[in-house]
Amino acid sequence: MTSVSVYLLLLVMPFVASKSSSQNPGCRIRITSKGLQFVKLETLKFVEQELENITIPDLSGTEGRFSYSINNVRVTHLQLSQSDLMFQPRKQLVLDISNASISLTFQRKLLYWLFYDVGMINASAEGVHIKTELDLSQDSKGRLKISNMTCDATINRMQAGFSGTLKRVYEFLGTFITTGMRFLLNQQICPALRHAGLVLLNALLNTIPVKNSVDDYIGIDYSLMSQPLVSEDSMDMDFRGMFYSLNAENDTIPNTSPALHIKQKERMVYIALSEYFFDSAMYAYYRSGVLSLEIANEQVPKDLEILLRTSYFGSLMLLDPSVAEAPMKLELKVSTAPRFTIKPAGTSVSVNAILNIYLIPPDQPPVQLSSMTMESRLNAKVTLKKTTLQVHLDLKRFRIYSNKSALESLALIPLQGPLKTLLQLTVMPVLNERTKRGVSIPLPEGLDFTRETTTHHAGFILIGGDLHFSKSLREVINKYRPETTPLPETTQSANEAV
């Protein structure tokens, strides 16, 4: 190979590798501006609670013959009426609070010449402006996190009210105290908010399911595949949305589903689920060996048993009478992983299975009478209840044919009706009991879906809905509050001065 060919190959290989490694998500979630505005109310409550709990150090000083010290500073009230929580293109959320006020109370000790006075001071910070920008990203495990946070905080003016016998004497000296308090208060706002964002809110994001078990057989992988895509009015997050067998986590099917495009922005949240999302679940169950069922003894309806014995009368005549009169057993086993097909008209599931019919004489090996192939098509109804995704299946089409000959297939036609009834009465309830348990969607704890709507598109299902706080943000954060740890290194704004 010439040096030019090698050079061209080196140029092409990264492009080929990137194309081959690219993969569409199995699940995409969109948070719209309406959803963000709903979350804003709970966010402001959380911010107020965090600022109410800030710790302000004691302050003391001397100006000429005037000495003062203040301690026991407490925030008594916050007014954050003018605020906005918005998306900022690229990958940021912005919380902008303007013209806020903070009320404080603290103990004073004042000495002027020979006069000494103690008492309470009520103060208020007016014209408070706070702006924070939160960078959203994915961590090494594919979890959504706040990776960086900048904060600007300014206080326009500080006022203090004195009480006591020396009120008028000390009012003109209040400038010294208010200036010091303004400086101390301003220095506490951004550190408190950075701790709330980088520690507490990240603890909340840790409640989003990423990779965990669904039941005793399969698990779900909701790891992020890329950085969140933020526009002016929405944020899209692409999740792997892949199920896997707990016995063979690396044995999965390739994702050949089309890309998920969400155009809607009318509801608070949208969840798009591709065919791959459901196909991987079916493959995981198939790989786990649980897509099989035995129907034996009293479970076999009497009319069906009589029909089966009539159909296989010739085979039974060749058997020993004690064996021929033995109870029957039907063994149903899925031969290939079921496949979902999603179209604008609805969702269906194709299932191929092998049905083996046995006689089970006591204390003897089973005697096989027949083996037939079943092809069925099921209707699938996908619903979302709070945060649980559920699927209900109904048998739509069904046919059987012999694995041996076309002639035997013709002889099996009378069995199709009874076997279909058997599936509807015996097998479908078992399947729906399993799918009814559902799987959680990747939302933080405390948030539920309400007023869900489901639409079908070519290759994916789109579920839109609004949000509801089943638990307050503070309740969930307190539940998962981490031990006191130093803040991660972040880019801090230089404008945190008075």
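Rolling a 1.4 Å probe over the protein heavy atoms gives the chain an accessible area of 51 Å² per residue. Share of carbon and sulfur in the accessible area of the chain stands at 54%, probe radius 1.4 Å. Pairs exceeding 19 Å between alpha-carbon atoms, taken from Lys386/Lys436; Lys34/Lys343; Lys386/Lys471; Lys131/Lys265: Lys34/Lys343; Lys131/Lys265. Listed by chain and number, the aspartates and glutamates placed with their C-alpha closer than 13 angstrom to that of Lys381 are Asp394; residues fewer than eight positions away on the same chain are left out. Applying both filters, DSSP loop and at most 15 other Cβ atoms within 10 Å, to the GluC sites (Glu not before Pro) of the range 240-322 gives Glu249, Glu266. Placing +1 on the Cβ of every Lys and Arg and -1 on the Cβ of every Asp and Glu, with nothing else charged, gives the chain a dipole about its Cα centre of roughly 760 debye. When the chain is described by a simple charge dipole with +1 on each Lys and Arg Cβ and -1 on each Asp and Glu Cβ, the residue from Leu85, Ile461, Phe106 located farthest towards its positive end is Leu85.
The length gained on full extension between Lys211 and Leu319, counted as 0.36 nm times the residue separation minus their Cα-Cα distance, comes to 33.5 nm.
With contributions of -39500 (n - 2.57) from each DSSP H run of at least four residues, the per-residue ellipticity at 222 nm computed over the chain stands at -8000 deg cm²/dmol.
The accessible area of Arg437, taken with all protein chains in place and a 1.4 Å probe, comes to roughly 150 Å². A simple count of charges around Ser83, restricted to other residues whose Cβ falls under 9 Å of its Cβ and scoring Lys, Arg +1 and Asp, Glu -1, yields -1. Each of the peptides 386-392, 195-201, 412-418 was scored by the mean count of other Cβ atoms within 10 Å over its residues; in descending order, highest first, they stand as 195-201, 386-392, 412-418. Partners of Lys333 within straight-line reach, counting aspartates and glutamates whose Cα lies under 15 Å from its Cα and excluding those fewer than 8 residues away in the same chain: Glu294, Glu375. Summary: within the chain, the longest segment free of chymotrypsin sites (Phe, Trp or Tyr not before Pro) located in DSSP loops with at most 15 other C-beta atoms within 10 Å is 173-479. Between His392 and Gln299, residue separation times 0.36 nm minus the direct Cα-Cα distance comes to 31.2 nm.
Prolate is the label for the range 334-399, because a/c, from the alpha-carbon gyration tensor with a ≥ b ≥ c as root eigenvalues, is 1.5 or above and a/b exceeds b/c. Subtracting the Cα-Cα distance of Phe115 and Asp139 from their residue separation scaled by 0.36 nm leaves 2.6 nm. Spin-label pair Ser292-Asn122: with each label point 7 Å from Cα along the Cα-Cβ axis, the two points sit 7.9 nm from one another.
Distance between the 7 Å Cα→Cβ label points at His129 and Arg399: 7.4 nm.
The C-alpha atoms of the chain occupy a region whose extents along the principal axes are 123, 70, 40 Å, arranged from largest to smallest. Projecting the Cα atoms of Thr373, Gly417, Ile189 onto the charge dipole of the chain, computed from C-beta unit charges around the Cα centre, puts Ile189 farthest toward the positive end. Here's how it looks for Ser231: its modeled amide H is under 5 Å from those of Asp236, which are all 5 or more places away or on a different chain.
The values are calculated or read from the model by the stated rules, or taken from the named source; none is laboratory data. Remember, predicted model here, so these are calculated numbers, not experimental data. Neighbour counts are summed over all protein chains in view; Cβ atoms, including those assigned to glycine, are modelled from backbone coordinates with ideal geometry. Keep in mind that these areas ignore ligands, DNA and RNA; they rest on the heavy atoms of the full protein, side chains included. Shrake-Rupley method; radii C 1.70, N 1.55, O 1.52, S 1.80 Å.
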